[in-house]
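Since the structure comes first, as structure tokens, the remarks are kept for the end.
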Amino acid sequence: MGQARSICLVGHSGCGKTTLAAALLEKAGYKEIALDASREEKERGYTIDMGFASYAAGGGRIVLIDTPGGDEFIEEMYKAVPVADLSLLVVSAEKAVEVVTERAWELTGAAKRPTAILVNQMDKENAKFDEAVESLRSHFEGKLIPIEIPIRDGGEFVGVVDLVTNKPFYFSGGSKGELPPDLASRAEEGRARLLEEVNKRGLSLALPPGECFIIETRTHAMEAASQLNAAGCDAAVLYLGNFSPEIEDAGFVKAFNGPVAVMAAAEESSASLADNRGDSLCGLLSATLAMKRRGLFEKTYLPQNPIVSAESGADEIERFFRVIQ
């Protein structure tokens, strides 16, 4: 598991699973990508058979299993989900929950596979993120709380707001830039809901002041560890982003005085993946490999299901605290 991961992409036909897989492969450096390679798939314009691809990341390999979303080929999804480590349920931001979306959710639950939900195709003209999320909530049990919300400018999908740090990320300018005024209250509300899931469990999360809790450089890592140590924090949660800076993450773990839980948020849209962002699983894999190489695993807690939603993340933090107590 430390050297390879498998992710099964599931969802209704046309939600962008194959496009997402191709974007990940392109990001990994592959130039010629043909997941729908059969003659019939090319003629029809959609996936018919289960497809496999893999790419190197952080010293290991990530295996993608692309499944068809047409109802007549649903058996391929039933074959793929149980053998994958993780499932990624892809949902169209235009159409939200469709027939195979529901069947995929039921299947991943029955197979007891950790599942992230990706609201995809946010760059489409009629993409409606809020309506898609509400549709998911109305159809599926449990609390579905976004980790990020989209930033739109003149109708264009230009970035996301990370609700954990309450910071924007623009595809054209990285983490630099101000939070759009029209999103400030919405971002704060979403962040409050996220933290509420943690607080319900009687836990307390602390963030160092200023910018240092966003670890992008060695200085950030050292400042964050120093401030948490000075505040007397007993443990920390390292919440990874996309292609997280693994050496700096490992530096934080080494400098912090207590144990550190490592986990990552659910995925983003294929548009952001294709625009030099990567995915959270890559960030998680790279960071944990860097920690292992530096002999830091004794200080590191890796949950059984490290790719988390707001609610499952709070569950994992609660388990982490019980373990260290």
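The values are calculated or read from the model by the stated rules, or taken from the named source; none is laboratory data. All values reported here derive from a predicted model rather than from experimental measurement. Reconstructed Cβ throughout: ideal geometry from the backbone, glycine too, with neighbour counts over all protein chains shown. For accessibility, only protein heavy atoms count, side chains too; no ligands or nucleic acids. Shrake-Rupley method; radii C 1.70, N 1.55, O 1.52, S 1.80 Å.
Listed by first and then second residue, the pairs linking a residue in the stretch 65-94 that is in contact (Cβ under 8 Å) with a residue 12 or more places away in the chain to a residue that is in a helix (DSSP H, G or I) and open to solvent by 60 Å² or more (accessible area, probe 1.4 Å), with Cβ atoms under 8 Å apart and 6 or more places separating them unless they lie on different chains, are 65/83; 71/99; 74/103; 77/103; 89/105. Considering only residues that are in a strand (DSSP E or B) and not small (Gly, Ala, Ser), which ones fall in the stretch 219-238? Scanning the stretch 219-238 gives 237, 238. Reported count of residues in the stretch 275-325, each being under 21 Å from residue 27 (Cβ atoms), acidic (Asp, Glu) and at pLDDT 80 or above, is 0. Within the stretch 146-164, the residues that satisfy the criterion of being open to solvent by 10 Å² or more (accessible area, probe 1.4 Å) and not hydrophobic (A, V, I, L, M, F, W, C) are 146, 148, 150, 152, 153, 154, 155, 156, 162.
Yes or no, residue by residue, for (1) closer than 26 Å to residue 80 by Cβ; (2) assigned to a helix (DSSP H, G or I); (3) at pLDDT 85 or above:
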position	(1), (2), (3)
116	yes, no, yes
136	yes, yes, yes
143	no, no, no
149	no, no, yes
165	no, no, no
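Summed over the stretch 111-128, the residues that are over 19 Å from the mean Cα position of the chain (by Cα) and under 19 Å from residue 307 (Cβ atoms) give a count of 1.
Residue 272 meets each of the listed conditions (1) at pLDDT below 75; (2) open to solvent by 10 Å² or more (accessible area, probe 1.4 Å) apart from (2).
Test residue 196 against the criterion of being within 20 Å of residue 146 (Cα to Cα), at pLDDT 65 or above and not in a loop (DSSP other than H, G, I, E, B), and give yes or no. Step through it out loud before you land on a result.
Numbers: within 20 Å of residue 146 (Cα to Cα): yes; at pLDDT 65 or above: yes; not in a loop (DSSP other than H, G, I, E, B): yes.
Here the answer is yes, as residue 196 does meet what is asked.
Just checking, does the stretch 62-79 include any residue being crowded, with 22+ Cβ neighbours inside 10 Å, among the hydroxyl-bearing types (Ser, Thr, Tyr) and in a loop (DSSP other than H, G, I, E, B)? Scanning the stretch 62-79 turns up at least one residue that is crowded, with 22+ Cβ neighbours inside 10 Å, among the hydroxyl-bearing types (Ser, Thr, Tyr) and in a loop (DSSP other than H, G, I, E, B).
Quick grid of which residues meet (1) over 16 Å from the mean Cα position of the chain (by Cα); (2) at pLDDT 90 or above; (3) hydrophobic (A, V, I, L, M, F, W, C):
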residue: 65; (1), (2), (3): yes, no, yes
residue: 71; (1), (2), (3): yes, no, no
residue: 83; (1), (2), (3): yes, no, yes
residue: 105; (1), (2), (3): yes, yes, yes
